[in-house]
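Q: Below: one structure in structure tokens.
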Amino acid sequence: MAGYDQANRILAINTKLGTDKAVLTEVEGEDAISKPFLFRIRFSTEEPAEKVQKLLGTEVTLWFGRPGESDLGITGVERRPLHGHFSRLTRGFAQRGDATEWRAEVVPALWFLSRTSDCRIFQEKSVPDIVKAVLDLHGVKNVQMKLTGSYDPLDYCVQYRETALDFISRLMEQNGIFFWHEHEMNRHTLVIADDNGSTFAAPFSNDLPITGREDSDAIRRLDEDFAVRSGKWSLRDFNFETPSVDLEVNEPTQIDVEQMKSRERYDYPGLYPDKGLGKQAARLQIEREEAFHQQRRGESGVAGFNAGMRVKIEGIEDSEVLITEVRHRAEDYSHWTTQAWGRRQPTEPHYDNEFVCIPKSVKFRPERVTPKPSVHGPQTAIVTGPSGEEIHTDKYGRVKVQFHWDRLGKKDDKSSCWIRVSQGWAGQNWGQIHIPRIGHEVIVDFLEGDPDRPIITGRVYNAESQVPYGLPANKTQSGIKTNSTKGGGGSNEYRFEDKKGSEQIYIHAEKDYDTEVENNETRKVGLKGTGDRTTTIKNNETLTVGNDKNTTVNGHFTELIQKTEFRAVTGDVTETFMANETRTIASSMTETIGASVTQTIGASFTQTVGAAVTQTVGTSIAQTAGVSIAITAGASITLTAPSIKQIGPSWFKTGLASGDAYVFKTSNSAVKTDVSGVSIGIVAGLKFDVAGIKMDNFGLSIKTGGIEIKNKALAVRSKAFETKRGLKLYSA
């Protein structure tokens, strides 16, 4: 099979088919900053289709431009390479001689990232780190990072249902980072930068002239375009960690165009945590406006033009420009004869391009054209945390989750960022809080649909985390039931039963139950005339009442104390019983009264003592009876005192079984004892009957010697017995 000599052609191609096994006839493509280049080509080959098809995805190098020296004497503008990969092959069935014509598309290695999508979470990585990680993951090897700015790590960044190319493109666009490709014969390099100074200078030996002619190495036409852009960017955001801080920022343009200055672009949210980063974000936005305010558009035959290249142009101010976009076109059918074309005559080989550039002094920022994906509606996720824990949270009550779409998460404390949890009430140190626990399924929504800004709005049960009350059997029950942690096995509970006729509120405290009422508490049981209350306390009860306590029992009141009762009253005690009181004391009763006791009994007072009664009185006992006092003793009564004094108008009487016997009886005849007693008369004086003593009006005087009565019935000595108009007894 004959080969193709491509040495002196405007177009050439090198493939895995081998040297000169194909001939390149047409090239049309676009190369722009922050876009993967795309070249559509036509080539012919006599190789079998099966072999050509295997080129799909393989490397290819295209050459286009003048193969010889510059017609203007400028070096570095000769035919240049463009290296890439076949992304599409289209076979034409019309034969030209023995050759088959193919159409193909050539793209950079970066383009293949448009053929892969993922849902993936990046945490604590900067934008350059994320971009590099994605490129490495997908095998993009020839990469140069020429970044001059500083990039803080992002807490949380999600690639969500988007291609890897879209993901890194939007991150770079948002942060003012751009890229281009530089080509060699057998490789191309992806260069990532954030400043015009990092772009590369053209290899041309001279500044390029603007000739206005079809010279191959000259700029044929150059126009300068001015456009009205927004003259001010204002952004606003909210940071829940500094909720009172106004985060609004704005940045005006430096371009002196009146209609621009008055045109403000305002956006929310700006996606920044503080004003410093907000000012940077606004500055990037206004730099985008300025980058596309002044553009130069031209046509040339300089095949060496490349996006990301700095070129110097003769005869204009700001002569050094940055090429931002080039569209290449070339044809070369010079290898075909007229007969091979049939009726169609091939055109002359030619190359030209259209390009866009900006002054190098104007900062280039890529426009934000890659949309950020939105999450359309809420999702559910599973709460996660460290191994061995049941609750994992921070000071804001945030938790971490494992999304169902996350294939790389380990269901641990690094599965996601901290996610805020919606609560029923959220005040300043007050409100409602229920922290989702590890393993719970929660509903996650996203602020503005942004996958980077999740928020938990609810919780749901599933087959592994089922409802606390079996359903549908207990469909009338609702409430709150917790689970003791760690280990479970206990719960606190508020349960409401709404079944008609069985309505109930059930409260269960697994351990302690504390209530605090700062003012009044009112409880009513049985508002409809019925209803009991039962309180069971298995251990101690302590009740402290700061002021008064009033208890009203409309029926019976029963207290049973199995052990000791102790009551201490620092003030007075008043008890009023509207009917009878009965006290039964199974053992002893001891009363100690620090002062006096006063008892007022409206009727009778009866005491029955099964054994002895002992009264010890420090001074005296006074008893007053309105009628009489009766003391009955089964055996004897003993009164012991240094003196016994009776005050009464008549007599002192003791009763015997045989009748009354008067110990002493006083009357108008003074003192008289019956049977063998003593009679003292006022006139007669003292008389002892039988063998006694009889006195006259002068009474009886007993001297020191005394009187002795027989049988020792009476012995009186030392003036022990004397009567002078009465009776006087002396102690022994």
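Q: For a quick check of your reading of the model, give me the residue pairs whose first member lies in region 509-536 and is farther than 18 Å from T552 by Cα, whose second is among the polar types (S, T, N, Q) and in a loop (DSSP other than H, G, I, E, B), with beta-carbon atoms closer than 9 Å and at least 6 apart or on different chains.
A: A509/N492; E510/T482; E510/S484; E510/S491; E510/N492; K511/S484; K511/N492; Y513/N492
Q: Inspect all residues belonging to region 145-158 and state whether any of them is out of contact with any helix residue (DSSP H, G or I) (no Cβ under 6 Å at 6 or more places or on another chain) and of a type in the set (K, R).
A: The answer is no, given that none of the residues of region 145-158 is out of contact with any helix residue (DSSP H, G or I) (no Cβ under 6 Å at 6 or more places or on another chain) and of a type in the set (K, R).
Q: OK, next. In the set T100, T116, T163, which member is out of contact with any Phe, Trp or Tyr (no Cβ under 6 Å at 6 or more places or on another chain), among the polar types (S, T, N, Q) and at pLDDT below 95?
A: Exactly one of T100, T116, T163 is out of contact with any Phe, Trp or Tyr (no Cβ under 6 Å at 6 or more places or on another chain), among the polar types (S, T, N, Q) and at pLDDT below 95, namely T100.
Q: Have a look at E390, E367 and point out the one that is closer than 30 Å to D225 by Cβ and either part of a loop (DSSP other than H, G, I, E, B) or of a type in the set (G, A, S) (or both).
A: One residue alone meets the criteria, E367.
Q: Shifting gears a bit: So in region 465-500, with the set limited to residues that are in a loop (DSSP other than H, G, I, E, B) and charged (D, E, K, R), which one is surrounded by the fewest Cβ atoms within 10 Å (Cβ to Cβ)?
A: K500
Q: Any idea which of T457, T522 is part of a loop (DSSP other than H, G, I, E, B) and of a type in the set (S, T, Y)?
A: Exactly one residue qualifies, and that residue is T522.
Q: If you check E503 against the conditions, is it surrounded by 10 or more Cβ atoms within 10 Å (Cβ to Cβ), over 32 Å from the mean Cα position of the chain (by Cα) and not hydroxyl-bearing (S, T, Y)?
A: yes
Q: I've got another one for you. Out of the residues in region 264-287 that are without any contact (Cβ under 8 Å) to a residue 60 or more places away in the chain and among the charged types (D, E, K, R), state the one that is surrounded by the fewest Cβ atoms within 10 Å (Cβ to Cβ).
A: Residue satisfying both the conditions and the ranking: E264.
Q: Quick one: which of I505, I585 is part of a loop (DSSP other than H, G, I, E, B) and either out of contact with any strand residue (DSSP E or B) (no Cβ under 7 Å at 6 or more places or on another chain) or farther than 30 Å from T600 by Cα (or both)?
A: I585
Q: While we're here: Under 9 Å by Cβ, and 6 or more places apart or on different chains, what pairs join a residue from region 360-376 that is within 22 Å of R120 (Cα to Cα) with one that is among the β-branched types (V, I, T)?
A: Hits for this filter: P373/V158; V375/V444.
Q: Among the residues that make up region 366-376, is at least one of them surrounded by fewer than 16 Cβ atoms within 10 Å (Cβ to Cβ) and of a type in the set (A, V, I, L, M)?
A: yes
Q: When region 291-308 is examined, which residues are found to be of a type outside the set (A, V, I, L, M, F, W, C) and either buried (at least 24 other Cβ atoms within 10 Å of the Cβ) or in a loop (DSSP other than H, G, I, E, B) (or both)?
A: If the condition is that a residue be of a type outside the set (A, V, I, L, M, F, W, C) and either buried (at least 24 other Cβ atoms within 10 Å of the Cβ) or in a loop (DSSP other than H, G, I, E, B) (or both), then H293, S300, G301, G304, N306, G308 are the ones that fit.
Q: Also: Among the residues of region 454-470, is there at least one that is touching a helix residue (DSSP H, G or I) at 6+ places or on another chain (Cβ under 7 Å), without any contact (Cβ under 8 Å) to a residue 40 or more places away in the chain and closer than 30 Å to L154 by Cβ?
A: Scanning region 454-470 turns up at least one residue that is touching a helix residue (DSSP H, G or I) at 6+ places or on another chain (Cβ under 7 Å), without any contact (Cβ under 8 Å) to a residue 40 or more places away in the chain and closer than 30 Å to L154 by Cβ.
Q: Select from region 107-121 the residues that are surrounded by 17 or more Cβ atoms within 10 Å (Cβ to Cβ) and assigned to a helix (DSSP H, G or I) and list them in ascending order.
A: Residues satisfying the conditions are A109, L110, W111, F112, L113.
Q: Name the one entry in M172, M185, M145 that is touching a strand residue (DSSP E or B) at 6+ places or on another chain (Cβ under 6 Å), surrounded by 14 or more Cβ atoms within 10 Å (Cβ to Cβ) and either aliphatic (A, V, I, L, M) or touching a residue at least 40 places away in the same chain (Cβ under 8 Å) (or both).
A: M145
Condition check ((1) over 30 Å from V375 (Cα atoms); (2) in contact with a Leu (Cβ under 7 Å, 6 or more places away or on another chain); (3) among the aromatic types (F, W, Y); (4) surrounded by 20 or more Cβ atoms within 10 Å (Cβ to Cβ)) across all residues:
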site: Y156; (1), (2), (3), (4): no, no, yes, no
site: T163; (1), (2), (3), (4): no, yes, no, no
site: A193; (1), (2), (3), (4): yes, yes, no, yes
site: P203; (1), (2), (3), (4): yes, no, no, no
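Q: Another one. When I316 is evaluated against the numbered criteria (1) within 28 Å of D207 (Cα to Cα); (2) assigned to a strand (DSSP E or B), which criterion, by number, is the only one it fails?
A: Here I316 meets the rest and fails (2).
Q: Need a quick list: strands (runs of 3 or more DSSP E) entirely within region 180-267 having at least 2 residues that are touching a helix residue (DSSP H, G or I) at 6+ places or on another chain (Cβ under 6 Å).
A: Where strands (runs of 3 or more DSSP E) fall fully within region 180-267 and carry at least 2 residues being touching a helix residue (DSSP H, G or I) at 6+ places or on another chain (Cβ under 6 Å), they are 232-235, 249-252.
Q: Would you check which residues across region 36-57 are buried (at least 22 other Cβ atoms within 10 Å of the Cβ), free of Cβ contacts under 8 Å to residues at least 60 places away in the same chain and not in a strand (DSSP E or B) and list them?
A: Result: V52, single match.
Q: Now for a different question. Kindly indicate which of E464, E493 is touching a Pro at 6+ places or on another chain (Cβ under 9 Å) and within 30 Å of A381 (Cα to Cα).
A: When all the criteria are applied, what remains is E493.
Q: Can you tell me which residue within region 246-263, out of those that are over 30 Å from D450 (Cα atoms) and of a type in the set (A, V, I, L, M, F, W, C), is surrounded by the fewest Cβ atoms within 10 Å (Cβ to Cβ)?
A: Here the answer is V257.
Q: Residues in region 98-108: is at least one out of contact with any Lys or Arg (no Cβ under 8 Å at 6 or more places or on another chain) and farther than 30 Å from S44 by Cβ?
A: No, that holds for no residue.
Q: How many residues are surrounded by fewer than 19 Cβ atoms within 10 Å (Cβ to Cβ), more than 60 Å from the chain's Cα centre (by Cα) and part of a strand (DSSP E or B) if we restrict to region 1-35?
A: Final tally of qualifying residues: 2.
Q: Identify, from the list R265, R213, the residue that is more than 48 Å from the chain's Cα centre (by Cα) and of a type in the set (K, R).
A: Exactly one residue qualifies, and that residue is R213.
Q: I need a count of the residues in region 113-152 that are of a type in the set (A, V, I, L, M, F, W, C) and more than 26 Å from F403 (Cβ to Cβ).
A: 4
Q: Quick one: count up the residues across region 118-161 that are of a type in the set (D, E, K, R) and over 30 Å from the mean Cα position of the chain (by Cα).
A: So the answer is 4.
Q: Next up: Could you grab me the full set of residues in region 157-179 that are in a helix (DSSP H, G or I) and of a type in the set (D, E, K, R)?
A: D166, R170, E173
Q: Give me the residue from region 122-142 that is of a type in the set (D, E, K, R) and part of a loop (DSSP other than H, G, I, E, B) and, out of that set, surrounded by the fewest Cβ atoms within 10 Å (Cβ to Cβ).
A: It comes out as K141.
The values are calculated or read from the model by the stated rules, or taken from the named source; none is laboratory data. Keep in mind it's a predicted model, so treat the numbers as computed, not measured. No Cβ is skipped: glycine too gets one built from the backbone with ideal geometry, and neighbour counts run over all protein chains shown.
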